[in-house]
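Novice: My structure is below; once you've seen it, I'll send some questions.
The values are calculated or read from the model by the stated rules, or taken from the named source; none is laboratory data. On a predicted model such as this, the values are computed, not experimentally measured, just so you know. Here the Cβ positions follow ideal geometry from the backbone for every residue, glycine too, while neighbour counts run over all protein chains shown.
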Amino acid sequence: MRGGRDTSGRAGHMNPRLRPTVVRAPRHSIRWALELLWALSVHRINLRYRETVLGIGWIFFQPVALTIIFTYIFKRFAQVSSGTIPYPLFTATGLVAWSVTALVVGGSIGCLAGNHTLLKRVALPRILFPISTVVATLADLGILMLLLLLIGHYYQAVLPATAPWVLLLLAIHMAFLVGVACLTSLANVFLKDVGHAIPSLLQLWFFASPVFYPASMVPSEFSALARWNPMTGLIEGYRAVLLAGQPPPWLLVGPAMATTAVILGLALVVFRRLDGTMADLL
């Protein structure tokens, strides 16, 4: 047509200059994926504590503050029994496990939707984004474990011979969190209300988990349900192997392992099936 510039190109194809630019990432290899995962994790750590006054001190603040509050309220007024374990150490162990879980869930909400520009322009394996929230939290876990050791030193507690069992519990914990992070991040892409619901759900989950009370205090009518809460087996397992010098309580850890396998498997299957339609909604 005269008087106007033909932008359609020959043979009816769109002019390449008008197409959205999508950068193809290099052919995926294990080494390349690990390097990308590491870069994403470091970026998340820097982003979390950038321009904060206390920096990583915030990792200490909440568990210490909650330990003091729970010790004062539940030990003094509710008469919560922690057996031979000092109650502050008992509670701090539960708070360390819970803090890691809450950090991953909170961080995974927007890990896909918040990076929509990058994910639309660069063909990256999207599953690495929720996994990076778990890897980034390992730094927080290391600092929280140091806090736990300091509290244990104050009470003259010594690491028992059963402490190496903590590696198995950590593996279960991290696998569980990978599954939760994948499902949470996906849900937030397809259902925008998820971001508003998660804080309330986390509070309910917190009180339903034996963070500041032993699992034995759960009423019998709810004990079966509590047993299938993975945090029950993990928290009680950490206390058993790190504080009580006992092997993991398999009646609680077993269901945690089974639930973890289901959640992780479901997350991987769902993520793979929805990966192709995700880009249109980001």
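Novice: Going through T259, T232, T184, T277 one at a time, which residue ends up being touching a Phe, Trp or Tyr at 6+ places or on another chain (Cβ under 7 Å) and among the β-branched types (V, I, T)? Walk me through how you get there before you give the answer.
Specialist: Numbers: T232 fails: touching a Phe, Trp or Tyr at 6+ places or on another chain (Cβ under 7 Å); T184 fails: touching a Phe, Trp or Tyr at 6+ places or on another chain (Cβ under 7 Å); T277 fails: touching a Phe, Trp or Tyr at 6+ places or on another chain (Cβ under 7 Å).
After ruling out the rest, the residue left standing is T259.
Novice: Which residue out of Y49, Y72 is hydroxyl-bearing (S, T, Y), closer than 27 Å to A240 by Cα and either modelled with pLDDT under 80 or out of contact with any helix residue (DSSP H, G or I) (no Cβ under 8 Å at 6 or more places or on another chain) (or both)? Steps first, answer last, please.
Specialist: Values: Y49 fails: closer than 27 Å to A240 by Cα.
Of the residues listed, the single one that is hydroxyl-bearing (S, T, Y), closer than 27 Å to A240 by Cα and either modelled with pLDDT under 80 or out of contact with any helix residue (DSSP H, G or I) (no Cβ under 8 Å at 6 or more places or on another chain) (or both) is Y72.
Novice: Follow-up. Write out, first by first residue and then by second, each pair whose Cβ atoms fall under 8 Å of each other, whose residues are 6+ apart or on separate chains, and whose first residue, in segment 180-196, is without any contact (Cβ under 8 Å) to a residue 40 or more places away in the chain and under 18 Å from M231 (Cβ atoms) while the second is surrounded by 15 or more Cβ atoms within 10 Å (Cβ to Cβ) and among the charged types (D, E, K, R).
Specialist: As it stands, the answer is none, since no pair meets every condition given.
Novice: Related question: Considering only residues that are of a type in the set (V, I, T) and closer than 12 Å to W165 by Cα, which ones fall in segment 219-269? Let's see the steps before the verdict.
Specialist: Start the filter on segment 219-269 by keeping residues that are of a type in the set (V, I, T), which leaves 232, 235, 241, 253, 259-260, 262-263, 269.
Residues satisfying the conditions are V241, V253.
Novice: Here's another thing I want to ask about it. From P210, P255, P248, grab the single residue that is under 19 Å from L95 (Cβ atoms) and surrounded by 13 or more Cβ atoms within 10 Å (Cβ to Cβ).
Specialist: Selected residue: P210, the only one of P210, P255, P248 that is under 19 Å from L95 (Cβ atoms) and surrounded by 13 or more Cβ atoms within 10 Å (Cβ to Cβ).
Novice: Considering every residue within segment 211-226, establish whether at least one is part of a helix (DSSP H, G or I) and either β-branched (V, I, T) or in contact with a Ser or Thr (Cβ under 6 Å, 6 or more places away or on another chain) (or both).
Specialist: Taking segment 211-226 first, the residues part of a helix (DSSP H, G or I) are 215-217, 220-226.
The next check asks that each one be either β-branched (V, I, T) or in contact with a Ser or Thr (Cβ under 6 Å, 6 or more places away or on another chain) (or both); those that pass are 215, 226.
Looking through segment 211-226, at least one residue is part of a helix (DSSP H, G or I) and either β-branched (V, I, T) or in contact with a Ser or Thr (Cβ under 6 Å, 6 or more places away or on another chain) (or both).
Novice: Which residue out of L252, L170, L243, L191 is more than 24 Å from I73 (Cα to Cα) and touching a helix residue (DSSP H, G or I) at 6+ places or on another chain (Cβ under 7 Å)? Steps first, please.
Specialist: On the way: L170 fails: touching a helix residue (DSSP H, G or I) at 6+ places or on another chain (Cβ under 7 Å); L243 fails: more than 24 Å from I73 (Cα to Cα); L191 fails: touching a helix residue (DSSP H, G or I) at 6+ places or on another chain (Cβ under 7 Å).
Going through L252, L170, L243, L191 in turn, the sole match is L252.
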